[in-house]
Amino acid sequence: MKIIRSVAEMQKETLMHKENKRSIGFAPTMGYFHKGHLQLIEEAKKENDIVAVSIFVNPLQFGENEDFGRYPRDEKRDIQLAESYGVDLLFIPTVEEMYPTKPQLNMVMVDRVDVLCGKSRPGHFDGVVTVLAKLFHIVQPNRAYFGLKDAQQIAVVDVLIQQYNFPIELIRVPTAREDNGLAMSSRNVYLTEQERAEAPAIIHALQEAKSLMENEERHPAVIVEKVRALLQQHTSAKIDYVELLSYPELKTIEQINQQVIVAVAVQFEKARLIDNIIYHP
């Protein structure tokens, strides 16, 4: 495994593989690997000659009062895990390497971002598409791998790839979960023992939403209210949102007659958790 820290070296390395007709699968991450990240790597290994992974905590996607400074990091452990899972290229740039000068061009998302996490995190997805555009140009992957836990992010990446004609196949990987159903997240480390016991109520509420839809409930408001009630009943977390929208368009609908997402975000004391289910009637 090669550990690369400069943009120029990463570009040189990936260009060499492209010239030799080797396919590149890419998983962009912010590190502090858990099972979900490793699942992306495993999927990339199945379908590509070369697996590239980036570790970069991107300051542009953190708001003023968010946890950029205390986002969990453990580079040594991440390097060991990446090597053991067969990563070929591990790209670990600094903030100064990725953003050497003050940006003179801003990328702004104008659709799919005024709901879910985008509603309470203005500018977040502008930062996401900015860093991904840079990473896609640097790595030149054939395929890019993202976990469905961040379903809004996938919907945004889909727009980025299509609108800017990146020759990249977007691969959606199912959410990795702990044994109790809790979605894997780097932020789970901040949960107290009591909060960790409560957190599986999130997926249980989403499963109840799926059950209602499978039993012909077609009114979004009924399902949203049921999920909200279950979260209030079984957790001490503050509910950020519960929404049911078309997917991947992320538009409000009156009747469930197309593919939809039921998505949840809750705020425990030190950890904001998100989860979702995607359902086609």
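Just so you know, all these numbers are worked out from the coordinates, no wet-lab data involved. Just so it is clear, the structure is predicted and the values come from calculations on it, not from any experiment. Every residue, glycine as well, gets a Cβ built from its backbone with ideal geometry; the counts of neighbours run over all protein chains shown.
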What nm distance separates the two modelled labels at ASN180 and MET1, each placed 7 Å from Cα along Cα→Cβ? 3.0 nm
Counting Lys and Arg as +1 and Asp and Glu as -1 over every other residue whose Cβ sits under 14 Å from the Cβ of VAL227, the net charge comes to -3
Where in the chain are the DSSP H helices whose alpha-carbon span along the long axis reaches 20 Å or more and whose Kyte-Doolittle mean is at least 0.0? 124-139, 220-234
Relative contact order (%) - criterion: Cα under 8 Å, at least six apart; region: region 169-281: 26 percent
Which length gain, in nm to one decimal place, applies between VAL108 and GLN80 when the Cα-Cα distance is subtracted from 0.36 nm times their residue separation? 6.5 nm
Counting other Cβ atoms within 10 Å, which trypsin sites (Lys or Arg not before Pro) in region 8-113 have at most 15 and lie in a DSSP loop? LYS21, ARG22, ARG70, ARG73
Charge sum, other residues only, whose C-beta stays under 13 Å from GLN207's C-beta, Lys/Arg counted +1 and Asp/Glu -1: 0
Of the listed peptides 168-178, 143-153, what is their order by residue-averaged count of other C-beta atoms within 10 Å, with the highest listed first? 143-153, 168-178
What is the magnitude of the charge dipole of the chain about its Cα centre, with +1 placed on the Cβ of each Lys and Arg, -1 on the Cβ of each Asp and Glu, and no other charges, expressed in debye to the nearest 20? 460 debye
Would you mind checking which residues have amide H under 5 Å from ASP275's amide H? H placed 1.01 Å from N; only 5 or more apart, or other chain. VAL264
Here the Kirkwood hydrodynamic radius of region 143-186, Cα-based and in Å, equals 11.4 Å
On a 24 Å Cα-Cα criterion, which of the cross-link pairs LYS35/LYS76; LYS12/LYS134; LYS35/LYS226; LYS102/LYS270; LYS35/LYS238 come out too long? LYS35/LYS226; LYS102/LYS270; LYS35/LYS238
Explain nothing, just compute: Karplus ³J(HN,Hα) = 6.51 cos²θ - 1.76 cosθ + 1.60, θ = phi - 60°, for every residue of region 100-109 in order, whole Hz, x for Gly and Pro. x, 9, 4, x, 10, 9, 10, 9, 10, 7
Dividing the mean separation of Cα pairs under 8 Å (6+ apart) by the residue count of the chain yields a relative contact order in percent of 18 percent
May I ask what percent, to the nearest 5, of DSSP beta bridges between residues of the chain are antiparallel? 45 percent
So what is the calculated 222 nm ellipticity per residue for the chain, using -39500 (n - 2.57) for each DSSP H run with n of 4 or more, over all residues, to the nearest 500 deg cm²/dmol? -11500 deg cm²/dmol
